[in-house]
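The structure under discussion appears below in the form of structure tokens.
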Amino acid sequence: MRDLYLTNTLTRKKELFIPINPGHVGMYVCGPTVYGDAHLGHARPGVTYDVMFRLLRHLGYKVRYVRNITDVGHLEHDADEGEDKIAKKARLEQLEPMEVVQEYTFRYHDAMRRLNVAPPSIEPRASGHIIEQIEVVKKILEAGFAYISNGSVYFDVEKYNKEFHYGILSGRSLDDTMEGTRSLDGQSDKHAPYDFALWKKAEPQHIMKWPSPWGDGFPGWHLECSVMGEKYLGNEFDIHGGGMDLMFPHHECEIAQNEAWRGTQGVHYWVHNNMVTINGQKMGKSLGNFITLPELFSGEHKVLTQAYTPMTIRFFILQAHYRSTLDFSNEALQAAEKGYKRIMQAARDLREIASGAGVASPIRGTEGHNACQMDYNEFLSDTAPESCPADSEGIKDIFTKVYDALCDDMNTPIALSYIFDAVKLINTEKEKKGTLTKGDIETLVRLFDDVVYGVLGLRDEASSDNGKSEKTISGLMDMVLDERAKAKAEKDWPLSDSIRDHLKALGIEVKDTKDGAEWTLD
RNA sequence: GGUGCUUUGGCCGAGUGGUUAGGCACAGGUCUGCAAAACCUGCUACAGCAGUUCGAUCCUGCUAGGCACCUCCA
């Protein structure tokens, strides 16, 4: 199996990935709080950890990928004053909280499906694990790292910090935290401002509440990930991912809870993706400067000059390293759109070349996609090959470099740069046949199948979702282009151009090549 | 105030102690009825200052700007 390196936030270094159980990977990623539409900022971890999931599987690991849905416990503003985000939305829209959860969970899934993000192995909800969370609160109390105050239970950070290091992940000391923590207005039930809630007492009018040994209430936000991670992945597991903004306090608190309750930090590799920015500023719900995914797909937002397809978004994200900030702009998205289309066109040409050369070319990604059914086989049919059948040194090199890049902390921009080298070779072969051997073509087909479609998860949006309508359209196109070819043969340029213009208006672009006319559907 | 990150060519965005990242845009060329695509060629940058070094965009220090976290946030 190839060596994989990942940047571990705990050490701030690239480390060789060694799983706890050989051949198996347990991976947990913080999912969305479902009180509004997913935005571009959610697409980033969605795609990033999807690529990680796909890459690990492609490298031959059996992966259990857990990504939660937060549907309770996530408060706004300060934990003492804030209102539960879901409950607030429900109050404003006069809905049952679970109606809010249902709607936005569905919409989140839909956006992820369009981005070709594979469903995780398990998608647990906080509200489905209240009993487990209560049990853990009890254990933390027993261990002496929490205290009860006015019906709520808080984690005793100072006490914990005497034995362990609170701040180990975010690289700060409790002194730093103390200095930076805003003083509260004195009404707090907490002993210290940096203590965080494990269980919150619910006011009588509160809808989302459950009975507990400390009275009716609801679990603290940080608790759910600790509890569900342990439940589905065990006492210790391999990878925990999430946005960099979750590093402190969310993930720091998870570590503290884990130590307090099960005597281990619980996670071996912490992986954090960076933020999407707009005009250099973080895109976020709290800042109100976000663009939702439905808006992006439809183009209906004041800062958008056009609509962008899901694959354009995916490619845009892939073109930057996951640990760098990624700045949104129409110009950058348009550049991504063109680059993406260029790769897809080459993929189609490669299929032609392969069938001409008698190379089997399943080339996935062109067939109809339906993530509603969990069709992992779409990207799991192969494990990463150790050798490639290419004859030309150039193609061998591309093949090697692509895998090297992916295994070097998931460097997708570098991998893509070598894919573009492959695109150039395919285009050259199309111009002048015979530059590639059969082995070369086989290697390229594999590269597109396994990497472009499989690991990077791109798919061809231009190809029809429906085999039958595709057949009909292609039959019609043959007919129309045949007529146009006749017009051209008679040098009837007005007619041939008019046909081309009409088709263009329908979103069909016609290109004349030496071998006759070609067309692509936008 | 504390902690950490960052500053790359017209734009996006990798990376490295000495050699062309890549994409998009732009200019010229080939091809073509025209167009598009493709291919070829050109555009060679690393905030500023000082230091280490045979040599720094890449190491060190300082200066300036930007960002993130410290409160909910992917």
Just the number please: accessible area per residue for chain A, 1.4 Å probe, all protein chains included, in Å². 45 Å²
Of A:Trp210, A:Trp261, which has the most accessible area and how do the rest follow, probe 1.4 Å? A:Trp210, A:Trp261
Modelling each spin label as a point 7 Å along the Cα-to-Cβ direction, I'd like the A:Glu431/A:Gln102 distance in nm, to one decimal. 5.9 nm
Can you compute 3J(HN,Hα) from phi for each residue in the range A:13-22, using the Karplus curve 6.51 cos²θ - 1.76 cosθ + 1.60 with θ = phi - 60°, rounded to whole Hz and x for Gly and Pro? 10, 6, 10, 5, 7, 10, x, 5, 10, x
Convex hull of the range A:404-522 built on C-alpha atoms - directionally averaged projected area, nm²: 9.5 nm²
Just the number: Rg to Rh for the range A:99-195, Cα atoms, Kirkwood Rh, two decimals. 1.10
For the range A:268-322, using Cα atoms only, the Rg and Dmax in Å read 12.9, 43
In this structure, the FRET efficiency calculated for A:His301 and A:Asp245 from their beta-carbon separation, with R0 = 25 Å, to the nearest 0.05, is 0.65
Of the heavy-atom accessible surface of chain A (probe 1.4 angstrom), what whole percent is carbon and sulfur? 49 percent
Looking at the range A:1-104 from every direction and averaging, what is the projected area of its Cα convex hull in nm²? 8.8 nm²
Computed accessible area, A:His502, all protein chains, 1.4 angstrom probe, square angstrom: 130 Å²
For chain A, what is the mean residue ellipticity at 222 nm derived from helices alone (per DSSP H run of n ≥ 4: -39500 (n - 2.57); sum divided by total residues; nearest 500 deg cm²/dmol)? -13500 deg cm²/dmol
Compute the length gained on full extension between A:Lys491 and A:Ala505: take 0.36 nm times their separation in residues and subtract their Cα-Cα distance, giving the result in nm to one decimal. 2.8 nm
Pairs of Cα atoms under 8 Å, at least six residues apart: use those to get the relative contact order of the range A:10-153, whole percent. 27 percent
For A:Tyr232 the rounded accessible area (nearest 10 Å², probe 1.4 Å, non-protein molecules ignored) is 50 Å²
In Å, what Kirkwood hydrodynamic radius results for the range A:142-257 from the alpha-carbon pair distances? 15.4 Å
Total formal charge among the other residues, if their Cβ is under 12 angstrom from that of A:His191, Lys/Arg +1 and Asp/Glu -1: -2
Given the pairs A:Lys200/A:Lys282; A:Lys62/A:Lys162; A:Lys89/A:Lys190; A:Lys14/A:Lys433; A:Lys13/A:Lys89; A:Lys201/A:Lys231, which span a C-alpha to C-alpha distance of over 32 angstrom in this model? A:Lys62/A:Lys162; A:Lys14/A:Lys433; A:Lys13/A:Lys89
Using Cα atoms only, what is the angle between the long axis of helix A:130-142 and the major principal axis of chain A, expressed in degrees (0 to 90) to the nearest 10? 50 degrees
What number comes out for the charge environment of A:Val267, summing +1 per Lys or Arg and -1 per Asp or Glu over other residues with Cβ under 10 Å away? -3
5 Å is the cut-off here: which amide hydrogens, built 1.01 Å from N in the peptide plane, fall below it relative to A:Val63, excluding neighbours closer than 5 in sequence? A:Val25
Suppose a student asked you for the relative contact order of the range A:128-256, using Cα pairs under 8 Å spaced at least 6 residues apart; what percent would you report? 28 percent
Percent antiparallel among DSSP beta bridges (both partners in chain A, rounded to 5): 55 percent
Two-decimal Rg/Rh of chain A from alpha-carbon positions, Kirkwood Rh? 1.04
Using only alpha carbon pairs under 8 Å that are at least six residues apart, calculate the relative contact order of chain A and give it in whole percent. 16 percent
In degrees, nearest 10, range 0 to 90: what is the angle between the Cα axis of helix A:97-114 and the longest Cα principal axis of chain A? 30 degrees
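The values are calculated or read from the model by the stated rules, or taken from the named source; none is laboratory data. Since the model is a prediction, treat every value here as computed from it, not as a measurement. In this analysis, Cβ positions are derived from the backbone assuming ideal geometry, glycine residues included, and neighbour counts consider all displayed protein chains. Quick note on the areas: whole protein, heavy atoms, side chains included, nothing else; ligands and nucleic acids left out. Shrake-Rupley method; radii C 1.70, N 1.55, O 1.52, S 1.80 Å.
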